[in-house]
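The values are calculated or read from the model by the stated rules, or taken from the named source; none is laboratory data. Quantities reported herein were computed from a predicted structural model and do not represent experimental measurements. Every residue, glycine as well, gets a Cβ built from its backbone with ideal geometry; the counts of neighbours run over all protein chains shown.
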Amino acid sequence: MTWLELYGRALAADEAAAGYYNRNVGLPSPDGKVNVRIPLAAADVMDVRLWREEEVLARIRPYVGRVPELRHVSEDPRFQVHHFIEGRVLDSFSPRGTSVPDNVVSDVVTLMDQLVRIPQEKAPEVPEHWPASGDSSGFGRLLASLTRDVHATYGEEYREAFAELGIPADPLAVVEPRWDSLTSRPFAVLHADLHRKNMIVADGATWFLDWELALWGDPMYEIGIHFHKMDYPEEQRAAVFERWRALLPARYTAGPVYDLDLYVAHERIKSAIVDTIRYSKQLATATRPQQEFLIGRLAKKLNAARELWGLPRDLTAARVAGILAPWREA
């Protein structure tokens, strides 16, 4: 069987796991089971994209053990083939908001430590416009610029919905003055998408998937976006942060907790905007239980951002459902 034939089978498969940017299909091959990873052509880009995932996987492999092994890359048509990792997705037994097993916490912090030890010359190339290592303020502004662009791009279509949900005309005004205060830290390779659906636990070990959003940037952002997406109980979050500061070299974790809070604040604002758009598009084809799940989750994300904007955290799922009715009933 050729790689192209495997790709054809993946396209025709009824069962697949899809994120925002890729469709994943597990298939048998002469070399064992593999994961065929196909980009979703219609995906709206709402995250900073720096490198191609296959280049990241190839470069970090000598430094990070529990990542997918790259078997094949095709340019035309675009797809990758990874070895298939058997195990349980963390989210399936430890959903968002609950404590995770201690061995997973240890593996996450170990991964972050492994990543900061990758020399810059061994990482994929960084474009000239990218902030220089140590320019944490420039890195923060770069992240915020994409969030601002997404808000502007969809501002007209979602004008009424944004206003009713409490998303201000300038949603980043509350964080914009704070970027100058960030502590300078040397940059490192970041996964930038470490959440429960991107972790597979097998035989007590955690494997880390989906490196499509990997970045070269401030390690404080890595732990900040991780906290935002994991939604640990407060006690475990504090323990993870302490482990992170104890394990990584001090220059990568320097600075006050204020820096961490700033990155988390940005992610809450970004999530309120981006997920309003993403979830509204999913509502039209979702089943009633799926709609209820999406609306409930979005209400929680919006309330977290509303607090930053000085608004009460009183947006109910029913209210969100009413505001998004045009998309839900489409």
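Below are the figures for this structure:
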quantity: Some residue of segment 250-263 being of a type in the set (S, T, N, Q) and within 24 Å of G87 (Cβ to Cβ); calculated: no
quantity: Residue among D203, D149, D135 that alone is under 30 Å from E55 (Cβ atoms), of a type in the set (D, E, K, R), crowded, with 17+ Cβ neighbours inside 10 Å and in the same structural domain as R278 (by TED's automatic domain parsing); calculated: D135
quantity: Residues of segment 102-118 satisfying the condition of being in contact with a strand residue (DSSP E or B) (Cβ under 6 Å, 6 or more places away or on another chain) and outside any helix (DSSP H, G or I); calculated: I118
quantity: Single match in L50, L11 (criterion: touching a residue at least 24 places away in the same chain (Cβ under 8 Å) and in a helix (DSSP H, G or I)); calculated: L11
quantity: A163 being part of a helix (DSSP H, G or I) and in contact with a Leu (Cβ under 6 Å, 6 or more places away or on another chain); calculated: no
quantity: Check on R78, surrounded by fewer than 16 Cβ atoms within 10 Å (Cβ to Cβ) and at pLDDT 95 or above; calculated: yes
quantity: Test for S94: is it out of contact with any His (no Cβ under 7 Å at 6 or more places or on another chain), among the small types (G, A, S) and either more than 25 Å from K300 (Cα to Cα) or free of Cβ contacts under 8 Å to residues at least 40 places away in the same chain (or both); calculated: no
quantity: Residue selected from segment 49-68 under the condition aliphatic (A, V, I, L, M) and surrounded by 16 or more Cβ atoms within 10 Å (Cβ to Cβ), by the criterion nearest to L194 (Cα to Cα); calculated: V67
quantity: Filter result for the condition that a residue is in contact with a Phe, Trp or Tyr (Cβ under 9 Å, 6 or more places away or on another chain) and part of a helix (DSSP H, G or I), over R178, R148; calculated: R178
quantity: Count of residues meeting criterion [touching a residue at least 60 places away in the same chain (Cβ under 8 Å) and of a type in the set (G, A, S)] in segment 104-132; calculated: 2
quantity: Test: residue in segment 175-197 that is over 24 Å from D231 (Cα atoms), surrounded by 17 or more Cβ atoms within 10 Å (Cβ to Cβ) and not hydrophobic (A, V, I, L, M, F, W, C); calculated: yes
quantity: Candidate set: segment 221-240, residues that are crowded, with 19+ Cβ neighbours inside 10 Å and more than 15 Å from the chain's Cα centre (by Cα); chosen: the one farthest from Q114 (Cα to Cα); calculated: Y232
quantity: Residue under evaluation L283, criteria (1) surrounded by 14 or more Cβ atoms within 10 Å (Cβ to Cβ); (2) under 25 Å from M199 (Cα atoms); (3) not polar (S, T, N, Q), criterion not met; calculated: (2)
quantity: Segment 312-325 - residue that is in contact (Cβ under 8 Å) with a residue 12 or more places away in the chain and within 17 Å of E160 (Cβ to Cβ) and, of those, surrounded by the most Cβ atoms within 10 Å (Cβ to Cβ); calculated: V320
quantity: Test result for S106, assigned by TED's automatic domain parsing to the domain that holds I200, among the hydroxyl-bearing types (S, T, Y), surrounded by fewer than 17 Cβ atoms within 10 Å (Cβ to Cβ) and within 27 Å of E55 (Cα to Cα); calculated: yes
